[in-house]
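Taking it in order: structure first as structure tokens, then the write-up.
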Amino acid sequence: MTEFDGDVVIITGGASGIGRATASLLHSRGARVVIADVNGPAADELAAELGEGALAVQVDVSDSASVQHLITTTVEQLGRLDVLCNNAGFGFRGNVTTIAEADWDRLMSVNVRGVFLCSKYAMPHLAATGTGRIVNTSSYTSLVGIADRAAYVASKGAVTALTRAMALDHVAEGVRVNAVAPGTIDSPYFGTMIAEADNPGELLDELNGRAPMRRMGQPEEIAEAIAWLASSRSTFATGSILTIDGGSSAW
Ligand SMILES: NC(=O)c1ccc[n+]([C@@H]2O[C@H](COP(=O)([O-])OP(=O)(O)OC[C@H]3O[C@@H](n4cnc5c(N)ncnc54)[C@H](O)[C@@H]3O)[C@@H](O)[C@H]2O)c1
């Protein structure tokens, strides 16, 4: 018997970075995982790599019909839904004067509307188990703010606030809602940014310097925290925002 035996877990953005590490960890601990990602081929590849107990579903979390398809496919094929990890998201540079309106709207539709839609359509199934769990991937920037990331910081502020609101709204149904607030994590998102930078060494120093630990975190270090919040070892936690950031929010 392993920790997540019998549990069905959806991980949005599950094909890369933090989501990929989470899908791999939960699968290794006995969960049946649904790798839900807009990048269908990458989700298929990971599901094939993990083997039995892993299902790939292509989804755009900002699109209602696509999200409803994800939830019905999961329940039809795997019979239940125990955990939803709302992890899909992205960011870009800019302040309110430089960010284009369309870019703001797109980011909000994925980072915030995506959490709303997935939670909305998953909630009846999570409640039906009596012990449903939602784990959102927020960010330490929702707690302290950083420069030149206005849309991203605003979106993660909304995710942190929505986590607390959903925790209160669904406590009576037995659904616990928590979030991780990662610091700067060495995911493919930053890997690409570093590779394409004019001065990669300078950017790497800047990213490592964001934390008192003077390094970026690894996706696996966030997956451990998501796994704890998704497990029956955290039964008194709801509405929690768990910072895992090398001390960035302590500065
Ligand atoms: N990397 C960091 O430093 C960091 C820090 C704090 C929080 N986060 C958050 O962690 C989460 C995962 O980020 P990551 O660093 O692993 O990034 P990543 O780019 O490695 O992975 C994100 C995944 O989300 C998928 N995705 C993007 N838009 C989607 C959509 N509309 N529908 C479904 N899937 C979609 C992508 O295809 C990708 O597979 C994000 O919410 C991000 O904001 C990241």
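Per the listing V177, V153, the residue uniquely in contact with a strand residue (DSSP E or B) (Cβ under 9 Å, 6 or more places away or on another chain) and at negative phi is V177.
Of the set (1) over 25 Å from L168 (Cα atoms); (2) free of Cβ contacts under 8 Å to residues at least 12 places away in the same chain, all apply to E220 but (2). Number of residues in the stretch 40-67 that are within 14 Å of the ligand (Cβ to nearest atom) and not in a loop (DSSP other than H, G, I, E, B): the value is 15. Selection of helices (runs of 4 or more DSSP H) fully inside the stretch 94-185 by the criterion of at least 2 residues being surrounded by fewer than 16 Cβ atoms within 10 Å (Cβ to Cβ) returns 101-108, 114-129, 150-170.
On inspection, R80 fails the criterion of being surrounded by fewer than 20 Cβ atoms within 10 Å (Cβ to Cβ), touching a Lys or Arg at 6+ places or on another chain (Cβ under 8 Å) and in contact (Cβ under 8 Å) with a residue 40 or more places away in the chain.
Considering I35, I18, I11, I71, the condition of being among the aliphatic types (A, V, I, L, M), crowded, with 24+ Cβ neighbours inside 10 Å and in contact with a Pro (Cβ under 7 Å, 6 or more places away or on another chain) is satisfied by I18 alone.
Total residues in the stretch 162-186 satisfying the condition of being within 15 Å of the ligand (Cβ to nearest atom) and more than 16 Å from G89 (Cα to Cα): the figure is 1.
When the residues of the stretch 11-33 are filtered to those that are part of a strand (DSSP E or B) and closer than 10 Å to C85 by Cβ, the one that is farthest from the ligand (Cβ to nearest atom) is V33. Of the residues that make up the stretch 120-135, is at least one within 16 Å of the ligand (Cβ to nearest atom), touching a Phe, Trp or Tyr at 6+ places or on another chain (Cβ under 7 Å) and β-branched (V, I, T)? Among the residues of the stretch 120-135, not one is within 16 Å of the ligand (Cβ to nearest atom), touching a Phe, Trp or Tyr at 6+ places or on another chain (Cβ under 7 Å) and β-branched (V, I, T), which makes the answer no. Residues in the stretch 69-93 that are more than 14 Å from Y152 (Cβ to Cβ) and assigned to a loop (DSSP other than H, G, I, E, B): G79, R80, L81, D82, N87. In the stretch 187-201, how many residues are away from the ligand (no atom under 16 Å from the Cβ) and either in contact with a helix residue (DSSP H, G or I) (Cβ under 7 Å, 6 or more places away or on another chain) or among the hydrophobic types (A, V, I, L, M, F, W, C) (or both)? Within the stretch 187-201, residues that are away from the ligand (no atom under 16 Å from the Cβ) and either in contact with a helix residue (DSSP H, G or I) (Cβ under 7 Å, 6 or more places away or on another chain) or among the hydrophobic types (A, V, I, L, M, F, W, C) (or both) number 1.
Of the residues making up the stretch 204-250, those that are within 13 Å of the ligand (Cβ to nearest atom), in a loop (DSSP other than H, G, I, E, B), within 20 Å of the chain's Cα centre (by Cα) and crowded, with 17+ Cβ neighbours inside 10 Å are M216, D245, G246. Pairing residues of the stretch 90-115 that are more than 22 Å from G14 (Cβ to Cβ) and modelled with pLDDT under 95 with residues that are surrounded by 13 or more Cβ atoms within 10 Å (Cβ to Cβ) and not acidic (D, E), at Cβ distances under 9 Å and at least 6 apart in sequence or on separate chains, gives R93/I99; R93/R149; R93/Y152.
The values are calculated or read from the model by the stated rules, or taken from the named source; none is laboratory data. Since the structure is predicted, the reported quantities are computational estimates derived from the model, not experimental observations. Please note: Cβ atoms are built from the backbone with ideal geometry, for glycine as well, and neighbour counts cover all protein chains shown.
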